[in-house]
Amino acid sequence: MTRGRLVWVRRLSFAAVLVVAAFTPGGPVPGGFAAQCQTIRCQSAGTVRWIRSLPGSWVVQNGMTGTVPAQGQAYAALGSGVAAVGLGMTVSAYAVSGGQPLWTAGLTGFQPGAAIISVRVWPGVVTVGVALPAVAGTGSRAGPVRDEVVLRAATGRLLRVYPAAQFGGAVTASAARTVIVGQRSVTSYANRTGKVVWSRATGPVPQPWQVDGNHLYMAVAAGGQLGATVAALHRIDLNTGAEREVRPRGQAFTGTLSLAFSGAVLFADASAVRAYSETTGRLLWHFPGALPDAVDAVAGHLYLLSGNTLIEVDPGTGHTLAHVAGAAAASSSGLYAVRGGDVLGIDHGALGKAWGYDVAAQQVLWTSRALPWPHYFVDLSGIGGSAPPGQDAVLLAICGQVGIQPAGSTSTPCTKPELAVLNR
């Protein structure tokens, strides 16, 4: 499966578990709990900060899809005071605090068929991944399969365009520099001049990678082939480019590189998830029959999915801290992020709303006002999206007014597409 499909599988599986926990008979339902909650946290979390109109043509669909563009996909992210949305070849930015429109930038100079596939917000800049079309008549691509566009966050002015790998692009950025995962290297560029600050070769074929803090971990596959056994990891300092190789105690890491968090790199296969030390390659722990699912950057906890059970563990030891189990799933709801032990869930459809679920206490903590046909954003690479780990806000597309569904169509026009930001 592709990297993007794995992200969606994990998120959809995660949703099934928490839906059951939140709506099991005898437990508190979101609306009932919200009416009883009087604490400051409950009054602030879930509050809608602002709602603004979205440009373009959008439709509403049932289930987890919600409010989406009539053509193509939309990508969004927030951070450093800016919320940015990319659709087609246009990026729009808003102030996170009050929703004031900041700028709209059309990306020009690309061949027909190019499209935005990623948006990320960094201190001082917004980076936009653009998928490039195949060369007409050849069935192949000339040069990179993706470019990474760097825009100034305050104005939307174009700073640079850098070549990147399909599931690479910007992994850290600032007004001064941008670090790009490319087809055969990881490279730091100076945004003012476009010159290379440092570059580290990663092999002839793009490999899986993960970022934890200030370091990037790139798989070193046997024979340089994608999907081959991972014999080692490149550990690259994103500031200096300093690199060293991390090898396991055995011949190779077991499984596929899936996550890096709090000093541990996680490899997963059909039998178990295994955590290795980011610095020594020593096996720290293994958990049979589980997959890595999410991280809580605020609390420093890791979440695994085993069957229909969500398990909170210590990333250094693998010790179980809490778990939520369910016996069935409801396809009308979803979940996609954890912050401070508070899991963010979404009810879908015309009566959609967001809610927070405390894994340790196993109860719903807060709910938002109605957010009709909510849609959350996630990049193909699995980074960016609606709820960045360090932000106390959530970004959603919703539909304020629905049009008339054309005969024979599976989707309904949204005559009032909107972007909503709510407290988390």
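With all protein chains in place and a 1.4 Å probe, the accessible surface of segment 233-352 carries 52 percent carbon and sulfur.
Highest-first packing order for the peptide set 365-378, 301-314 is 365-378, 301-314, based on the mean count of other beta carbon atoms within 10 Å.
Note on ARG184 and LYS416: the model spin-label points, each 7 Å out from Cα along the C-beta direction, lie 5.5 nm apart.
Hey, could you grab the Kirkwood Rh for segment 179-266? Inverse mean 1/r over distinct alpha carbon pairs, Å, one decimal. The partial results should precede the final answer.
Details: mean 1/r = 0.0745 Å⁻¹.
Answer for segment 179-266: a Kirkwood hydrodynamic radius of 13.4 Å.
Taking packing as the residue-averaged number of other Cβ atoms within 10 angstrom, the listed peptides 229-236, 45-52 run from highest to lowest as 229-236, 45-52.
Length gained on full extension, ALA322 to ALA231: 29.5 nm, using 0.36 nm per residue less the C-alpha separation. In this rough spin-label picture, where each label sits 7 Å from Cα along the Cβ direction, the THR256-SER80 distance is 3.2 nm.
Could you rank SER44, SER258 by how accessible they are, 1.4 Å probe, largest area first? Walk me through the numbers on the way to the answer.
Numbers: SER44 50, SER258 20 Å².
My answer, sorted largest first, is SER44, SER258.
From most to least packed by mean Cβ count within 10 Å, the peptides 392-402, 99-109 give 392-402, 99-109.
Positive end of the dipole of segment 343-424 (Cβ unit charges, origin at the Cα centre): among GLN405, GLY349, VAL359, the Cα lying farthest that way belongs to GLN405. Model label sites at LEU283 and ARG49, defined 7 Å from Cα along the beta-carbon direction, differ in position by 4.5 nm. Rolling a 1.4 Å probe over the protein heavy atoms of segment 94-205, with every protein chain left in place, gives an accessible area that is 54 percent carbon and sulfur.
The values are calculated or read from the model by the stated rules, or taken from the named source; none is laboratory data. Note that the structure is a prediction, hence the values are computed from the model and not measured. Note that each Cβ is placed from the backbone with ideal geometry, even for glycine, and that neighbours are counted across all protein chains shown. Accessible surface is based on the protein model in full, side chains and every heavy atom, while ligands, DNA and RNA are left aside. Shrake-Rupley method; radii C 1.70, N 1.55, O 1.52, S 1.80 Å.
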